[in-house]
Amino acid sequence: MPAISISGITKKFGHLTAVDNISLDIEKGEIFGLLGPNGAGKTTLLSMLAVLMTPTAGSALVNGHDIRHEALAVRQSIGMVFQAGSVDNLLTARENLVLHAKLFGVPKDVREKRIKDALELVELTDRANDRAGTFSGGMKRRLEIARALLHHPAVLFLDEPTVGLDPQTREHIWKYIKALSRQEQMTIILTTHYMEEADVLADRIALIDRGKIVQLDTPEGLKRQMGGDRVKLVCAKACSATMLAKIKKMPFVKSVSQEDGHLVLVVLNAPKHLQKILEAVGVVEEVHVLPASLNDVFLQYTGHAIRNESAEDDAQQQWAAHR
């Protein structure tokens, strides 16, 4: 049985559809990524799976429990790390964990060991008795991950777990997430708008845009769908219509676009065919040959790049603005 089985789940806020008829199975022990821009519906989907929102239509099973009819059993099966910080800054790290353990009914005879193990996993043992308010953003995020693990959930939801963190701290968080997957055989659902994060962590990725899954595959499988390398040319002068038409007719050129005045091509076996392309273009100031990225795939299927201006899923904000 899949760890999560989603069937036709939909969420509407008035006339705005935040999640649009999504069906999906996620396997036990899988790290599954939901990758998409701000407002794509990622957080709304997670909120329904975590029984924080009621679907407008459809339903889902989480660890075998129906999100519509077995809310308590679902809550007992999951851990969740929210976008916004949720630790109590006035409590120590240990006190935050003790409070959470009591709220989730962790038996007293195993509570201390679980707290000790969780602190060790996220490397906060030496700060256990310090107030969380003295922690850096990355340390607070690690504490939130530790807290979410105390009741040994079958499924862990990570909603934009590294938003606002510096690159070094972000990589540290990635290390903890990978360790969790290996050590606990836990199913992890990750929402992110960071392409590298999804690429590094996820076993499979669903590209989500405007409430729909537009493509689903492994990270490598998604990039293979681009059908070639990405070639960016900084031309000495504007590209003529005749020249663009000539390039588009080349059998090894899969697509041609212009970004910020530069010519961007997707080319089969770019090193082999690059000279022919340069001859057709004429004077070129710069040439960049890059492997396909997840953003390229997203652009191919949606017509726009993944925006990185915010991690906040703003479907509800959009609905409020429309009222």
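Just so you know, all these numbers are worked out from the coordinates, no wet-lab data involved. Just so you know, these numbers come straight off a predicted model, no measurement behind them. Note that each Cβ is placed from the backbone with ideal geometry, even for glycine, and that neighbours are counted across all protein chains shown.
Structure notes:
- Highest mobility in the GNM of the chain, judged by mean-square fluctuation with C-alpha springs under 10 Å and restricted to Gly64, Gly133, Gly282, is found for Gly282.
- Here the spin labels are modelled as points 7 Å beyond Cα on the Cα-Cβ line, and at Thr56 and Ser86 they lie 2.5 nm apart.
- Across the chain, the relative contact order, built from alpha-carbon pairs under 8 Å that are at least six residues apart, equals 22 percent.
- Charging the Cβ of each Asp and Glu at -1 and of each Lys and Arg at +1, and nothing else, the dipole of the range 227-291 about its Cα centre rounds to 320 debye.
- A simple spin-label model places the labels of Arg210 and His152 4.6 nm from each other, with each point 7 Å out along Cα-to-Cβ.
- Separation of the range 143-203 and the range 7-42, taken as the distance between their Cα centroids, equals 18 angstrom.
- Figure legend: label point modelled 7 angstrom from the Cα of Asp217 along Cα→Cβ; residues of the range 1-32 with amide N under 20 Å from it are 23-27, 31-32.
- Here's the list of lysines a cross-link from Lys108 could span, going by alpha-carbon distance under 27 Å and ignoring same-chain residues fewer than 8 apart: Lys116, Lys140.
- Relative to the Cα centre, the charge distribution of the chain, modelled as +1 at Lys and Arg Cβ and -1 at Asp and Glu Cβ, gives a dipole magnitude of about 380 debye.
- C-alpha center-to-center spacing [the range 216-285, the range 286-303] in angstrom: 10
- Relative contact order of the range 250-309, defined on C-alpha pairs under 8 angstrom at six or more residues apart (%): 18
- Where only DSSP H runs of four or more residues are counted, the chain gives -11000 deg cm²/dmol as its mean residue ellipticity at 222 nm, each run worth -39500 (n - 2.57).
- (i) 22.9, 77; (ii) 24.7, 75; (iii) 20.0, 63, with the label sought being that of the calculated Rg and Dmax of the Cα atoms in Å: (i)
- In range of the label at Leu244: residues from the range 262-294 whose backbone nitrogen is under 17 Å from the point 7 Å along Cα→Cβ: 262-266, 280-282
- Farthest positive-ward along the range 125-187 dipole, Cα basis, beta-carbon charges - from Asn129, Thr187, Gly164: Asn129
- For Lys276, a cut-off of 22 angstrom between C-alpha atoms picks up these lysines, skipping any fewer than 8 places away in its own chain: Lys232, Lys237, Lys246, Lys248, Lys249, Lys254.
- Highest average first, the peptides 88-96, 36-44 ordered by how many other beta carbon atoms sit within 10 Å of their residues are 36-44, 88-96.
- Rough spin-label spacing in nm, given labels placed 7 Å along Cα→Cβ, for Lys175 and Ser23: 4.3
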